[in-house]
Structures are given as structure tokens and as C-alpha cells.
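Please treat every number below as a calculation from the coordinates, not as lab data. Since the model is a prediction, treat every value here as computed from it, not as a measurement. No Cβ is skipped: glycine too gets one built from the backbone with ideal geometry, and neighbour counts run over all protein chains shown.
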Amino acid sequence: MSTPPPPVPPAPGVAARLGAALPPRYVARRLAGTAVLLVVLSAAVFALLQLAPGDPARTLLGARGATPEALAEVRARHHLDQPVLVQYGHWLGDLLRLDLGTSIRTGESVASALGDRALLTCQLVGLGFATALLLGLPLGVLAAFRERRPTDRAVQGLGVVTLSTPAFASGLALIYVCALMLGWFPAYGAGEGGLDRLRHLVLPAVTLGLAVMAVLLKLTRAAVVRELARDHVTFARARGVGPRTVLFRYVLRGAAVPVTAGAALVLAYLLAGTVMVETVFALPGLGPLLVDSITFRDLPVVQAVALAVATLVCLANLAADLAQPLLDPRLRTPAPTPKAAR
Amino acid sequence: MERESGGIGRRRLLGLTGAGLGALAASGLLAACAPPRREEDEGGQGGASPEKVTLALPSSLSSLDVGRESGTLNYAVACLVQEGLLSVSPDGELRPGLAARWTQPDERTYVFTLRRGVTFSDGTPLTPDDVVASVEAIRDPKNTNALAYLYAHVTSVKVTGDLEVTVRLKKPDALFLWTVSPSGLLVSSRAFLKRHRGEVGTGKTLLLGTGAYRVTGFAADDHVLLERNDAWWGEKPGVRTLKLDFVPDAGTRLVAMKSGAVDGALGLASDEARGWESAAEVTYTEDRSVVALAFDTGKAPFDDPRVRRAVAHAADRAGMAEGILHGKAQVAAALPSPGMWGDLLPAEQVTAAYDRIALPAHDLAAARKELAASGHPDGFTAELHYPGSGPQLGKAALALAAELKKIGVTLKVEEITLEQWIAELGSGKFPLQFLWYFPTTGDPAELLDAYLHGEAEATNIARYDQAKVTGALKAATTETDSGKRGALLLEAVTEAAGDLPYLPLWWASTATALSGRLALGGGDGPFALTGPWAARLRSS
């Protein structure tokens with residue numbers, strides 16, 4: 001004998017569901033936290049750069065041109081003769097007026113030096129991320145479904161190889177095979193707009209993606225293995241639910257939370273990886289600019305690039321954090337009950 | 001000495017000297033197993049020049065303005081676009097440039113008469129006022145120009161006629177004509193300099209000059225694009241479009257050559273150039289640069305001449321030139337390379353004088369003996385830092401450390417950044433340092449006045465002060481007869497050699513690679529890349 005199912009309450013609207021999953025106050029608090037973190041980071045970068053060796057005024061003038069008067073002049077123009085805190089104050093004040101300053105090295109405004117480079121690096125990281133996801137997730141699932149079988153070991157072995165191959169080696173191998181032997185892609189450079197840019201970025205993006213693909217692969221495999229062992233999955237399989245449904249409705253849903261968190265972390269690795277990849281493929285992105293500016297101690301540029309990269313990483317982590325309650329109701333902050341409010 | 005680029009020449013130099021990342025080792029491998037190179041000749045048919053040529057540069061420029069960044073590659077690019085009052089032949093002789101002729105009414109006054117009918121690549125005519133404005137821009141503190149020191153003794157630069165510029169100096173300076181050659185003065189227009197004060201040479205402002213090419217695009221870490229300036233007064237360049245791509249990775253650079261993406265490369269390190277020989281025609285050119293050890297003669301233990309001689313005996317200089325630089329460098333007898341004397345003395349006279357300089361030979365027994373007789377018979381510990389952009393300096397330092405260990409001296413070798421190395425050079429904190437200098441002029445006094453002159457406190461890192469040497473250098477400053485001046489300078493060199501304030505290690509060369517379809521005509525002397533070199537590119 002069967003009882004009729006209880007009446008289903010009407011589904012709440014999308015906005016209401018979103019509001020419940022992500023209370024505005026929670027979002028605002030997280031955004032404020034990110035802003036504070038960025039300010040702390042900028043101060044830390046500023047302080048660390050003071051410890052770096054070298055003297056930008058001397059580098060700029062060269063040993064023979066570095067007369068005391070010329071040195072004093074350059075230092076005064078860039079506030080290098082003032083206490084560190086005052087220098088930081090100058091920088092922060094300019095930033096609040098949306099002025100990133102002028103590069104000590106080139107005399108160019110930092111904003112214009114960054115513009116195209118930031119775009120290129122974002123495109124590279126975006127494509128690299130897509131490569132890592134497209135390779136890492138399916139391979140991770142495959143390895144989990146074939147746990148401890150030869151396929152699993154082969155896939156994991158592949159992951160270890162790509163993870164431990166430095167970008168200058170894997171990049172060069174890809175250039176050698178795909179550009180020189182097969183002639184499919186250009187060997188270096190960023191190309192000019194649109195499709196040409198995409199064609200130029202394929203090899204760098206694959207190089208970049210391969211290096212972090214293994215991280216996603218491992219995370220996905222571990223999460224899927226854990227999900228596969230859960231009672232509701234075993235029960236679903238026992239019920240004869242098709243493998244595709246088991247994968248998408250049960251397993252991947254459960255694995256989504258740890259994989260999302262991991263993916264956000266991977267983004268930070270990708271950004272770090274661009275330095276090497278951009279050098280190998282001769283791409284004018286943020287990486288070479290950051291390295292040169294650090295050794296030169298070109299403060300305004302280092303600050304701007306570090307801040308841009310930090311913002312990107314923070315926002316990615318923020319997005320991952322905010323996505324979690326959407327993916328898993330158990331992670332939602334309980335709405336304050338009237339009693340608690342009182 | 002930014003001019004010295006390497007030294008100080010910053011990154012390009014580095015590139016120049018081979019900042020190849022870890023992939024260097026791979027380049028030999030690639031050369032060995034490369035498939036045959038694709039033959040793609042666009043327009044390279046018999047005798048005619050190719051329309052477009054792409055060359056790889058080993059490191060990026062951050063600015064096109066040589067006053068802001070003065071590496072050898074910066075000069076190689078800027079000299080295509082801008083010109084000086086005088087020009088330099090590939091062999092190092094001063095010749096007319098923007099000035100068709102010049103006179104020297106007295107020893108402190110120079111009068112330059114400009115070439116008639118010269119225009120900037122934007123179409124405006126060159127006037128004497130533009131020359132004055134170009135010097136003013138170098139001296140303008142707002143522009144932070146590394147060449148400003150060259151004009152410290154200039155009293156005035158004035159327009160004195162339709163085509164005439166007169167320069168007055170505070171005191172006679174035999175090197176002054178080199179100052180107004182491309183190494184010290186690249187002329188731009190007053191309007192351009194005024195419009196872009198403080199930011200000349202960026203990707204937005206570019207450069208304006210009268211040269212063989214005009215620059216139409218520049219993006220740091222990416223490329224420089226140059227178009228032939230059809231209004232140039234010199235012989236019409238064969239190549240219409242010249243693209244210089246910055247490709248920092250040595251392996252990528254070689255594959256780019258093999259795949260036909262580039263037609264050649266400039267400034268290859270000697271390690272790397274060998275790998276290129278299978279893919280391109282490689283030419284090695286003496287680049288006038290010198291690598292030496294500088295002993296601080298005012299500081300223990302190197303204030304003891306016996307210690308300096310012991311170190312010199314321990315250094316296997318011939319082994320360094322052969323083993324580390326693959327025979328593409330010359331064991332140095334003095335700081336100025338033989339190519340630096342081209343404008344002063346006949347080559348044989350310089351060679352003969354250099355042959356008579358007897359620097360201590362590689363001989364460990366002699367080294368032990370000198371050390372035992374010195375004030376440090378039980379040895380000592382010293383540090384030697386080298387810039388990361390000069391890996392060959394690091395190898396030389398390690399080779400020296402291994403030899404010194406055998407005589408009981410501990411040498412701690414450490415790699416530092418180029419910027420840190422520049423900061424240390426003048427600090428006086430390190431009694432043993434590398435001197436790595438790329439001269440921009442072709443006059444030995446550039447090196448001698450900086451490093452052997454007792455009153456050159458800022459640059460004389462050996463703190464060498466010997467009355468006879470300083471006296472000869474001072475006399476040479478005012479000597480107008482080039483033969484006599486050359487003799488005075490040579491006297492300073494030989495006199496100082498006995499005191500060993502510096503141990504010259506080698507004079508280096510730079511490698512240029514071009515695909516078989518291209519040739520750089522007009523001689524490959526030590527100044528081949530100064531001046532409008534690309535105008536001489538032709539189909540081979």
C-alpha cells in the first residue's frame with residue numbers, strides 16, 4: 001500500500017533562492033575583507049621591495065653618469081629620498097586618485113604600460129585555465145572510475161610528468177614539434193588581434209595548462225573516488241540507475257565543491273606560471289614586465305602589477321567561496337532567526 | 001658607462017652577452033636533429049633586396065631612448081632612426097654625419113656646418129636649432145639622461161648661422177668629437193622633444209630622427225617595427241620593412257630561425273652561436289668590450305702588489321678564452337681592445353706595444369711564490385660577484401676560484417642581478433670586482449680616463465693613482481695631434497700594466513646570424529652595428 005506523496009511547496013523564485021544562499025551582508029563582508037587584504041598586500045610588496053638589492057637611480061644613470069647631483073635629482077623626482085612610509089603614502093594617495101604613477105625605468109605612465117600586457121596575460125591565463133579544466137576534469141573522473149587499475153596509474157603518471165616538467169622544457173618541446181616539424185602554429189609572439197592572437201596563444205596556453213592540469217586531475221580523482229564510495233551512490237547503482245546519471249546527478253554534484261575550491265587555487269599557480277611561459281614564447285605579458293621591474297626596483301610598476309595579479313587571485317577565490325553555498329545547501333550560512341536577531 | 005652597456009648596459013646587454021635561460025643546452029640538441037629548413041623566399045630573387053626582414057634580438061629594450069637605457073642593442077636600434085653630427089665607419093673612424101664638415105678655431109671651440117637639405121622622417125627640415133634642442137634635452141634634468149655627464153664640460157651650444165652650430169667647452173677635450181657622434185648625441189627635432197619631454201622613446205612617443213629608417217611601432221618585450229625612410233640623404237636601404245622581435249629564450253630563438261619565422265639574429269652569445277651555425281651564416285665581430293678583474297689597490301689584501309701578481313699567475317686567461325668563450329674571444333693585454341685605437345694609431349704599432357706588455361702567465365708555482373712573499377703568506381678569503389646577465393663571467397670566476405684554491409686562497413663566487421652589480425661597482429665595499437665594459441666610442445681614452453685616471457674617483461674602481469699615468473692621460477686630453485695623443489695613451493697603458501690594478505681577461509666578440517639569402521655588406525669591423533647597419537642589408 002502506498003501513501004500519496006506530501007504536497008510539494010511552491011518553488012521560491014530565483015532571486016529569493018540566491019538571496020537565501022548568499023545573504024547580501026555576507027557578500028558585502030567578503031568584499032570588504034578582500035579590499036583589506038589587497039591593502040595589506042600592497043604594503044607588504046612595498047616593504048619587500050625595499051629589501052631588494054640595487055639602486056634604481058644608479059641603474060638609470062649608469063656608473064659614469066651617476067654624479068651626486070644627478071642621483072639626487074632622480075631620487076627627488078621619484079620620492080626615493082623620502083622615508084619609506086612617506087613613499088608609500090604618496091603611492092596610496094595617487095592610487096586613490098586612480099593614478100598608478102610613472103615608471104622610473106621608462107618614464108611611461110604605468111597605466112599605459114600595463115594596458116595591453118594585462119589583456120594578453122588574462123587571455124593566456126583564461127586559455128590555460130580552460131585547457132587545464134578540459135584535460136584535468138575528464139581525466140580525473142576517468143582515473144577515479146578506473147581506480148587502481150592500469151588506466152588510473154597511466155593517467156596519474158601522465159599528471160606527474162606534466163606537473164614536473166618545467167615550462168621552458170615543455171614549451172620548447174611543443175614549439176619544436178608543433179611549430180617547426182608540423183608547422184601548425186607560430187613559434188613565438190603574440191600575433192595581431194582576433195584569430196591570429198588565438199593561433200599564437202594555443203601553444204603557450206597548452207604549456208601553461210599542462211603544468212597545472214595534474215593538480216585538477218588529482219583533486220577531481222580524489223573527490224570522485226570519495227563520492228563513488230558513498231552510500232547513496234552505491235544505492236543508486238544497486239537500483240540500476242544508469243552510469244551517466246550516477247556520474248552527473250550524484251557524483252559530480254558532490255565533487256563540485258572541492259573541485260571549485262581547487263580550481264580557484266590553480267588560478268594563482270597559472271598566473272605564476274605565465275612568467276616562464278611568456279619568456280619562452282616571447283609574449284609581452286605582465287610576467288617579463290614584473291621580473292624586470294623587480295630587479296630594477298621600479299616601484300610604481302611592481303606595485304601596479306602585483307596589485308593587479310593579487311586582485312585577480314583574490315577575486316577568483318572570492319568567486320569560488322561565493323559559489324560554494326550555491327553548489328551545496330549545507331554550506332549556506334543559516335539565516336538569522338528572529339530570536340537570534342533579538 | 002651605461003654606455004658600457006654591459007656593464008651597465010642592462011638587459012640588452014645581457015642578452016647580448018647571453019642571458020640564455022636553461023634551454024641553452026637544448027639548442028645544440030635541436031641543431032643536431034632539426035629537419036631541413038623550409039625554403040621560403042619572398043622576393044629574395046637574384047640581387048634584389050627582400051621587402052621585409054625579421055631579426056631576433058636576445059633581450060627586450062625597455063626604452064628606445066639611449067639616454068634612458070644605453071645598452072648595445074638600444075644603440076643598434078636608435079642608430080637606424082637617428083644620427084649624430086659625426087658618424088663612425090665600421091672600422092672606427094670618425095666621418096661626417098649630419099655635419100658635412102667641422103672646424104676647430106681654437107682648442108675649446110668647435111663649429112659644425114650641417115648637411116644641406118636633410119629632413120626628419122616627419123618631413124620637417126633639420127635646422128641647427130634642432131641640434132641645440134637635442135643637446136638641451138640630454139642636459140635637461142627632467143629627462144634623466146644617462147649621457148648628460150658627457151656634456152658636463154660644455155659651456156654653450158649655439159646657432160651661429162643658417163646651417164651652423166658652435167660648441168664651446170670649459171676646457172680642451174680630445175674626446176669631444178666622439179661626444180657628438182651617435183654614441184653621445186642622436187639628433188631629434190625641437191618640436192618633438194618639447195612635445196614628449198620626459199617620455200621620449202616609449203611605445204607611444206617612439207623616436208623622431210633623420211636616419212635611414214623611421215620607427216613605426218615599439219612594444220617592450222615584443223618588437224620594434226621600422227620602415228625605410230625614403231627621404232634619407234644616404235644610400236637607399238634595400239630592405240623596406242625591418243622587424244626586430246625580442247625573443248628572450250635561446251631555444252625558441254633557434255627554432256624560430258629554423259622554421260623561417262626570423263631571418264637572423266643579432267647579439268648571440270658565443271655559447272649559443274655555435275648552435276646556429278647549422279641554420280644560418282654566423283659572423284663573429286669584435287665588439288670592443290673587455291672583461292677584467294679590478295683589484296682595489298687601496299684595500300687589503302689587494303693593496304699588496306704581490307697578492308695581485310699571485311692572483312694573475314693563478315688565472316688561466318688563455319684557458320678562459322678557449323674553454324669558456326670557445327675561442328671567440330681574444331686574451332686581453334690591456335683594457336682598450338686593439339679596435340679602440342683605429343682613429344689614433346696604426347694597428348701594427350698598437351699590436352707591437354701590446355705584445356711587449358708582459359702580464360703574469362698562468363703558473364701556479366709562481367703564484368705560490370708571490371703569495372708566500374706577500375703580506376698574506378697563508379692565503380686569504382675574498383668574494384667575487386658577477387651579474388646574472390654574464391654567465392661567462394661566472395664560469396671564469398669559478399675557474400679562477402678552483403686555481404686559487406690550490407694556492408690557499410678561498411674565492412667565494414656569487415651571482416647577483418645586473419642592477420645589484422651596478423650598485424656594487426662604485427660602492428667601494430668589494431676589493432675584488434669584475435669590470436665589464438662596452439665602450440661606445442672608438443677612443444681608448446674612454447676606458448683609460450675612467451679606470452686609470454687618479455682623479456676619476458667615481459669610476460676608478462681600482463682606486464689606482466699613479467702620477468706618471470695620470471700625467472700622461474692629462475696631457476692626452478689637450479693634445480690635438482692624434483699620433484702624439486695615441487703615444488701618450490699607449491704610454492699610460494704600458495706604464496699601468498706593471499702595477500696590475502686590473503687584470504684584463506678577454507676582449508669579447510658578438511655574433512650575428514643571417515639566413516643564407518641575406519648579407520650585411522660594407523665590412524664587419526668592430527663598429528659594424530654602430531650607425532645605419534640595416535641600410536647595408538642586401539640579398540646575397
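Beyond 21 Å between alpha-carbons counts as too far, so tell me which of B:LYS171/B:LYS474; B:LYS142/B:LYS194; B:LYS170/B:LYS474; B:LYS369/B:LYS405; B:LYS204/B:LYS243; B:LYS236/B:LYS258 fall in that bin. In this structure, B:LYS236/B:LYS258 exceed 21 Å between Cα atoms. Computed about its Cα centre, the charge dipole of the protein assembly as shown is approximately 4380 debye, with only Lys, Arg, Asp and Glu carrying charge at their Cβ. In this structure, the amide hydrogen of B:ALA100, modeled 1.01 Å from its nitrogen in the peptide plane, lies closer than 5 angstrom to those of B:THR113, B:LEU114, B:ARG115, counting only residues at least 5 positions away or on a different chain.
Of the residues A:PRO53, A:GLY240, A:MET276, the one whose Cα sits farthest towards the positive end of the charge dipole of chain A is A:GLY240 (charges of +1 on Lys and Arg Cβ, -1 on Asp and Glu Cβ, taken about the Cα centre).
The phi torsions of the range A:257-267, fed into the Karplus equation with coefficients 6.51, -1.76 and 1.60 and a -60° offset, translate into couplings of 5, x, 5, 5, 4, x, 4, 5, 5, 4, 4 Hz, rounded to whole numbers, with Gly and Pro shown as x. Spin-label model, A:ASP116/B:THR478: points 7 Å from Cα along the beta carbon direction are separated by 5.4 nm. Gyration tensor over the Cα atoms of the range B:174-248: the corresponding equivalent ellipsoid has semi-axes (square roots of 5 times the eigenvalues, largest first) of 22, 18, 14 Å.
Of the trypsin sites (Lys or Arg not before Pro) found in the range B:260-305, those that fall in a DSSP loop while having at most 16 other beta-carbon atoms within 10 Å are B:LYS299. Inter-label distance, B:ALA373 to B:ARG101: 6.0 nm, where each label sits 7 Å from its Cα along the C-beta direction. Of the two radii for the range A:173-299, the radius of gyration is 1.17 times the Kirkwood radius, both from the alpha carbons; that is the Rg over Rh value. Our coupling estimate for the range A:50-59, obtained by passing each phi through the Karplus curve with A = 6.51, B = -1.76, C = 1.60 and θ = phi - 60°, is 5, 7, 5, x, x, 9, x, 5, 5, 4 Hz, Gly and Pro reported as x. Measuring nothing but how far apart in sequence close Cα pairs (under 8 Å, 6+ apart) lie, relative to its length, chain B scores a relative contact order of 23 percent. Gain on full extension, evaluated as 0.36 nm per residue between A:LEU92 and A:ARG149 minus their Cα-Cα distance, stands at 14.9 nm. If we count every other residue with Cβ under 14 angstrom of B:THR470's Cβ, Lys/Arg +1 and Asp/Glu -1, where does the sum land? Surrounding charge for B:THR470 is -4. Label chain A by shape, choosing from rounded, prolate and oblate, from the square roots a ≥ b ≥ c of the eigenvalues of the Cα gyration tensor; if a/c is under 1.5 it is rounded, and otherwise prolate applies when a/b is larger than b/c, oblate when it is not. Oblate shape, in that a/c is at least 1.5 and b/c is the bigger or equal ratio.
Placing R0 at 60 angstrom, the Cβ-Cβ distance between B:ALA402 and B:VAL111 gives a FRET efficiency of 0.55 after rounding to 0.05. Across peptide B:244-256, the mean count of Cβ atoms from other chains lying within 10 Å of each residue's own Cβ comes to 6. Taking amide H positions as modeled 1.01 Å from N, with prolines and chain starts lacking one, the residues under 5 Å from B:LEU435 and 5 or more places away or on another chain are B:ALA292, B:LEU293, B:ALA294. Model label points for A:ASP99 and B:GLU136, set 7 angstrom from Cα along the Cα-to-Cβ axis, are 2.6 nm apart. Once every DSSP H run of n ≥ 4 in the protein assembly as shown is given -39500 (n - 2.57) and the sum is divided by its residues, what mean residue ellipticity at 222 nm do you get, rounded to the nearest 500 deg cm²/dmol? Computed mean residue ellipticity for the protein assembly as shown: -14500 deg cm²/dmol.
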